[in-house]
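Trainee: Mind looking over this structure? Questions follow.
The values are calculated or read from the model by the stated rules, or taken from the named source; none is laboratory data. On a predicted model such as this, the values are computed, not experimentally measured, just so you know. Glycine gets a Cβ as well: all are built from the backbone with ideal geometry, and neighbour counts include every protein chain shown.
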Amino acid sequence: MTELSKSGAAVGEPTTGSAAPSAFLEVRDLKVHFPTDDGLVKSVDGLSFTLEKGRTLGIVGESGSGKSVTSLGILGLHTAGQYGRRKPQLSGEIWLNGTELLSAPADEVRKLRGREMAMIFQDPLSALHPYYSIGKQITEAYRVHHDVDKKVARKRAIEMLDRVGIPQPDKRVDSYPHEFSGGMRQRAMIAMALVNNPELLIADEPTTALDVTVQAQILDLIRDLQKEFGSAVIMITHDLGVVAEMADELLVMYGGRCVERGSAQEVFYEPQHPYTWGLLGSMPRIDREETERLVPVKGSPPSLINLPSGCAFNPRCPYADVPKDNITRTERPELTEVGSGHFSACHMSREERTRIWTEEIAPKL
Ligand SMILES: Nc1ncnc2c1ncn2[C@@H]1O[C@H](COP(=O)(O)OP(=O)(O)OP(=O)(O)O)[C@@H](O)[C@H]1O
Ligand code: SF4
Ligand SMILES: [Mg+2]
């Protein structure tokens with residue numbers, strides 16, 4: 001991740017009218033707000049990050065923190081009427097390979113989707129059409145972007161199914177989604193997402209519904225394919241364990257905002273935000289009995305219509321009462337650089353956080 005603050009775009013601040021960035025993907029102050037009868041749901045509220053090709057960014061956060069809304073935003077999939085509700089409000093900038101997607105015509109974004117960027121969805125059944133064979137869906141995805149006849153596209157579909165480890169791909173290509181197991185459907189969806197060798201792959205909780213062995217296989221597969229194609233990968237999960245081995249960089253989301261980001265190494269081993277500590281504490285560990293695991297993070301996610309004032313994590317934070325110099329509880333902590341390329345949004349001083357982490361938290365993990 002390059003640092004936005006160094007390239008002149010302060011993290012969390014709009015950078016309207018700026019030039020194309022050098023990074024392969026740069027998201028600047030992305031906001032996705034949904035008007036509802038109860039008020040404006042600020043699902044994503046000022047997210048900024050960059051990602052280079054060949055690198056993997058893990059986006060972690062609990063349910064409802066805005067992970068999927070972020071990915072749908074990048075892919076241009078928040079369209080009016082999609083949810084039978086009012087038009088979502090999107091702002092900020094999303095630069096992919098020199099093109100700003102939020103201001104680009106819908107046609108252009110549609111062309112990029114599938115060819116340059118693709119998504120593995122949380123639920124394969126929602127991405128695969130029940131009435132068409134797996135093969136037909138993969139060939140269609142290929143033919144949208146390649147001027148080839150059906151035979152060539154079918155060959156490509158079989159190749160991809162083979163590549164993702166579907167046995168007898170020349171036969172299974174004619175199966176329907178319901179004839180596949182959960183793991184196979186997930187593989188088929190990965191084959192469809194990768195059929196055009198996208199340069200950006202977003203995997204949204206690609207393994208949540210799968211058993212541990214299949215989970216590991218799918219993650220290996222994404223890693224292998226990434227190596228082969230040199231794609232940039234965004235791996236979205238609520239489980240830090242899933243991205244522990246895969247991610248180069250990590251972005252921790254809370255209530256639609258980034259509370260910490262940096263290299264995976266730093267976020268894992270020198271985390272600088274109490275919410276990240278909570279997530280790390282809830283990671284399953286082989287050497288710890290189920291009952292011994294720390295409680296995930298006490299309390300419930302914040303309302304995205306009325307975020308708590310000041311730090312949104314305030315009501316759940318065990319350190320909310322630690323005195324902070326000249327800062328009132330109603331002041332919102334901004335993302336600030338706490339180490340090279342490592343950002344955290346917390347009012348505690350770096351010294352205080354480091355002390356708590358090394359003395360109180362790390363020894364218990
Ligand atoms: N169309 C919509 N209208 C109103 N609110 C929405 C809409 N889409 C999403 N949201 C809200 O935005 C918030 C973020 O949703 P999102 O799906 O991004 O969460 P998530 O982090 O992916 O969670 P999960 O881990 O459960 O998948 C949620 O509170 C959700 O209810
Ligand atoms: S700003 Fe305060 S409430 Fe928020 S994470 Fe830091 S210590 Fe906790
Ligand atoms: Mg989601």
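Trainee: When both residues are 6+ apart or on different chains and their Cβ atoms are under 7 Å apart, which pairs have a first residue that lies in the range 52-75 and is under 22 Å from residue 199 (Cβ atoms) and in a strand (DSSP E or B), and a second that is more than 9 Å from ligand 3 (Cβ to nearest atom) and among the small types (Gly, Ala, Ser)?
Mentor: From residues that are under 22 Å from residue 199 (Cβ atoms) and in a strand (DSSP E or B), the pairs are 56/247; 57/247; 58/247; 58/264.
Okay, residues lined up against (1) in contact with an Asp or Glu (Cβ under 6 Å, 6 or more places away or on another chain); (2) of a type in the set (Ser, Thr, Tyr); (3) more than 30 Å from residue 303 (Cα to Cα):
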residue	(1), (2), (3)
51	no, no, no
59	no, no, no
68	yes, yes, no
71	yes, yes, no
88	no, no, no
91	no, yes, no
111	no, no, yes
115	no, no, yes
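Trainee: Is at least one residue of the range 232-244 part of a loop (DSSP other than H, G, I, E, B) and either of a type in the set (Ser, Thr, Tyr) or within 30 Å of residue 312 (Cα to Cα) (or both)?
Mentor: yes
Trainee: Applying the selection to the range 190-221, what residues are assigned to a helix (DSSP H, G or I) and touching a strand residue (DSSP E or B) at 6+ places or on another chain (Cβ under 6 Å)? Step through it out loud before you land on a result.
Mentor: First pass over the range 190-221, keeping only residues assigned to a helix (DSSP H, G or I): 190-194, 212-221.
Across the range 190-221, the qualifying residues are 190, 193.
Trainee: Can you confirm whether residue 228 is acidic (Asp, Glu), surrounded by fewer than 17 Cβ atoms within 10 Å (Cβ to Cβ) and either modelled with pLDDT under 95 or touching a strand residue (DSSP E or B) at 6+ places or on another chain (Cβ under 7 Å) (or both)? Break it down into steps so the answer makes sense when it comes.
Mentor: Details: acidic (Asp, Glu): yes; surrounded by fewer than 17 Cβ atoms within 10 Å (Cβ to Cβ): yes; either modelled with pLDDT under 95 or touching a strand residue (DSSP E or B) at 6+ places or on another chain (Cβ under 7 Å) (or both): yes.
Here the answer is yes, as residue 228 does meet what is asked.
Trainee: Restricting attention to the range 165-212, which residues are free of Cβ contacts under 8 Å to residues at least 60 places away in the same chain and small (Gly, Ala, Ser)?
Mentor: Residues satisfying the conditions are 165, 175, 181, 182, 183, 191.
Trainee: Still on this structure: So, in the range 207-249, exactly how many residues are β-branched (Val, Ile, Thr), away from ligand 1 (no atom under 15 Å from the Cβ) and within 23 Å of residue 114 (Cα to Cα)?
Mentor: Narrowing the range 207-249 to residues β-branched (Val, Ile, Thr): 207-208, 212-214, 218, 222, 233-234, 236-237, 242-243.
Then drop every residue that is not away from ligand 1 (no atom under 15 Å from the Cβ), which leaves 212-214, 218, 222, 233.
Those left that are additionally within 23 Å of residue 114 (Cα to Cα): 218, 222, 233.
Residues that pass the stated criteria total 3.
Trainee: Name every residue in the range 92-130 that is closer than 24 Å to residue 22 by Cβ and within 16 Å of ligand 1 (Cβ to nearest atom), in order of residue number.
Mentor: Those that are closer than 24 Å to residue 22 by Cβ and within 16 Å of ligand 1 (Cβ to nearest atom): 92, 94.
Trainee: Restricting attention to the range 134-183, and to residues there that are among the charged types (D, E, K, R) and part of a loop (DSSP other than H, G, I, E, B), which single residue is surrounded by the fewest Cβ atoms within 10 Å (Cβ to Cβ)? Write out each step before concluding.
Mentor: Within the range 134-183, the first condition is being among the charged types (D, E, K, R), and the residues that meet it are 136, 140, 143, 147, 149-151, 154-156, 159, 162-163, 170-172, 174, 179.
Still in the running and part of a loop (DSSP other than H, G, I, E, B): 147, 149, 174.
Details: 147: 6, 149: 8, 174: 12.
Of everything passing the filter in the range 134-183, 147 is surrounded by the fewest Cβ atoms within 10 Å (Cβ to Cβ).
Trainee: Do we find that residue 194 is under 30 Å from residue 320 (Cα atoms) and away from ligand 2 (no atom under 16 Å from the Cβ) in this structure?
Mentor: Criteria not met by residue 194.
Trainee: So which residues in the range 46-83 are crowded, with 18+ Cβ neighbours inside 10 Å, under 18 Å from residue 251 (Cβ atoms) and more than 16 Å from ligand 3 (Cβ to nearest atom)?
Mentor: Those that are crowded, with 18+ Cβ neighbours inside 10 Å, under 18 Å from residue 251 (Cβ atoms) and more than 16 Å from ligand 3 (Cβ to nearest atom): 46, 48, 49, 50, 51, 55, 56.
Trainee: Right, here's the next one. What's the total number of residues in the range 323-365 that are of a type in the set (Asp, Glu), surrounded by 14 or more Cβ atoms within 10 Å (Cβ to Cβ) and over 27 Å from the mean Cα position of the chain (by Cα)?
Mentor: 1
Trainee: May I ask you to list the residues in the range 320-348 that are assigned to a loop (DSSP other than H, G, I, E, B) and either more than 10 Å from ligand 2 (Cβ to nearest atom) or more than 26 Å from residue 45 (Cβ to Cβ) (or both)? Before the answer, list the steps.
Mentor: Residues of the range 320-348 that are assigned to a loop (DSSP other than H, G, I, E, B), as a first pass: 320-335, 340-341, 345-348.
323, 325, 326, 328, 330, 334, 335, 340, 341 - these are the residues of the range 320-348 that are assigned to a loop (DSSP other than H, G, I, E, B) and either more than 10 Å from ligand 2 (Cβ to nearest atom) or more than 26 Å from residue 45 (Cβ to Cβ) (or both).
Trainee: Looking for something part of a loop (DSSP other than H, G, I, E, B), more than 17 Å from the chain's Cα centre (by Cα), in contact (Cβ under 8 Å) with a residue 60 or more places away in the chain and within 23 Å of residue 183 (Cβ to Cβ) - is there at least one such residue anywhere in the range 86-103?
Mentor: No, every residue in the range 86-103 fails to be part of a loop (DSSP other than H, G, I, E, B), more than 17 Å from the chain's Cα centre (by Cα), in contact (Cβ under 8 Å) with a residue 60 or more places away in the chain and within 23 Å of residue 183 (Cβ to Cβ).
Trainee: Now, a different point. Out of (1) surrounded by fewer than 18 Cβ atoms within 10 Å (Cβ to Cβ); (2) outside any helix (DSSP H, G or I), the odd one out for residue 107 is which?
Mentor: Tallying (1) surrounded by fewer than 18 Cβ atoms within 10 Å (Cβ to Cβ); (2) outside any helix (DSSP H, G or I), residue 107 fails exactly one: (2).
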